[in-house]
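Beneath this line is the structure, given in structure tokens, with notes to follow.
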Amino acid sequence: MTLKSEINICMITDNNYVIPTAVAMTSAICNKSSDSVYHFYLLINDVSADDLRRLSVLRRKDVKIDFIEVDASKYDKINVKTHVPKSAALKFDIPNTIKTDKVLYIDGDIIVCQDLEELYAIDLEDKIVGGVRDMVGELKQHFNQTVGCEKYFNSGVLLLDLKKMRDQNCSDLLIAAKMEHPQWKCMDQDAFNYVLNSKTKWIGVENNSMLALYQGCDYKIEEINDFYNVRYKSYEQLIKNSKIIHMAGKAAQRPWKVSNGTFGELWDSYYKQSPYKDIVLQRGVYCASKKKERLAAKIKKYTLFGFIPLFTIEEK
């Protein structure tokens, strides 16, 4: 059997977000075609030796993993007015950190449901980025108006032409855009849209299904169809067709934080196959009222980059 060309995948994590990242990787590996080769480039910051050992277990003949240590201190001069840490700006430097010509960037709060070859093979033609429009970002939060564009993509899943990004000095342009617009709410997403929106190929919603956001805004499937120019008969059909489910939305609803989290059963099914299956997650229960939102007491709390609350864990 002849193996296909490598699918380069970039992810970013630190010691606190490593479990969701590992589960995302596990879901991708579980659903990959037998003749696909995945090459993960993990940009890591303060990841322990034990976590590196666990992540390394995912390696096999058709799954390569490169650990790339990164330092977020170079972005200390970026002034942000958001809860998202400066470390998210590491995404700006992907073209200089990863020397391939093309990469699929994915956030850690995703579930890969199908093989990624079709998504990776999308021809960007003369464009630099392949992205999915952010329905909530446009219609509710008006991020497109903030950066001055008609359409606006979510940066949780991006197909990137790194060669063109290097040739056009995009990393410096992204950093400069962020530094010049400290009022932007989104740490990296606004900058990516500001710099690359006109160089974007708009790809299908199934490549970055932000179903929790749609449901949180009570969007009917007909509204989703109109926005993305698709024809799904139900949410269930969209879920079934989704290559990547992105659990964007309220942090308190993430499945590693609460037992009734968004896509909890599906996430748990991959968690139980991940390198962290021996770790017991002590999770609370999500309540709609913010006053009632709380995790189990007397359990150590973990945060992403020291800012974003994620989950609590306790080993057996």
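The values are calculated or read from the model by the stated rules, or taken from the named source; none is laboratory data. From a predicted model like this one, the values you see are computed outputs, not experimental measurements. Glycine gets a Cβ as well: all are built from the backbone with ideal geometry, and neighbour counts include every protein chain shown.
Taking segment 245-266 as the search range and keeping residues that are basic (Lys, Arg) and over 17 Å from VAL112 (Cα atoms), which one is surrounded by the fewest Cβ atoms within 10 Å (Cβ to Cβ)? If you could, list the steps in order and put the result at the bottom.
From segment 245-266, those basic (Lys, Arg) are 250, 254, 257; that's our starting set.
Now narrow it down to the ones that are over 17 Å from VAL112 (Cα atoms): 250, 257.
Details: LYS250: 17, LYS257: 24.
Among those residues, the one meeting the criterion is LYS250.
Out of everything in segment 205-235 that is charged (D, E, K, R) and at pLDDT 95 or above, what residue ends up being nearest to ARG133 (Cα to Cα)?
To start, the set of residues in segment 205-235 that are charged (D, E, K, R) comprises 206, 218, 220, 222-223, 226, 231, 233.
Now drop any that are not at pLDDT 95 or above, which leaves 206, 220, 222-223, 226, 231, 233.
On the way: GLU206: 11, LYS220: 17, GLU222: 16, GLU223: 14, ASP226: 13, ARG231: 16, LYS233: 20 Å.
Result: GLU206.
Confirm whether MET187 is assigned to a loop (DSSP other than H, G, I, E, B) and aliphatic (A, V, I, L, M).
yes
Sort through GLN189, GLN183, GLN282 and tell me the only one that's out of contact with any helix residue (DSSP H, G or I) (no Cβ under 9 Å at 6 or more places or on another chain) and either more than 14 Å from ASP134 (Cα to Cα) or buried (at least 17 other Cβ atoms within 10 Å of the Cβ) (or both).
The conditions single out GLN282.
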**Report entry** Any chance LEU124 is out of contact with any His (no Cβ under 7 Å at 6 or more places or on another chain), aliphatic (A, V, I, L, M), assigned to a strand (DSSP E or B) and farther than 24 Å from THR262 by Cα
**Finding:** no
Query - Residue under evaluation ASN193, criteria (1) touching a residue at least 40 places away in the same chain (Cβ under 8 Å); (2) closer than 21 Å to TYR120 by Cβ, criterion not met - result: (2)
Query raised in the report: Restricting attention to segment 142-184, and to residues there that are touching a residue at least 40 places away in the same chain (Cβ under 8 Å), within 20 Å of ASP226 (Cα to Cα) and outside any helix (DSSP H, G or I), which single residue is nearest to the chain's Cα centre (by Cα)?
Result: ASN154
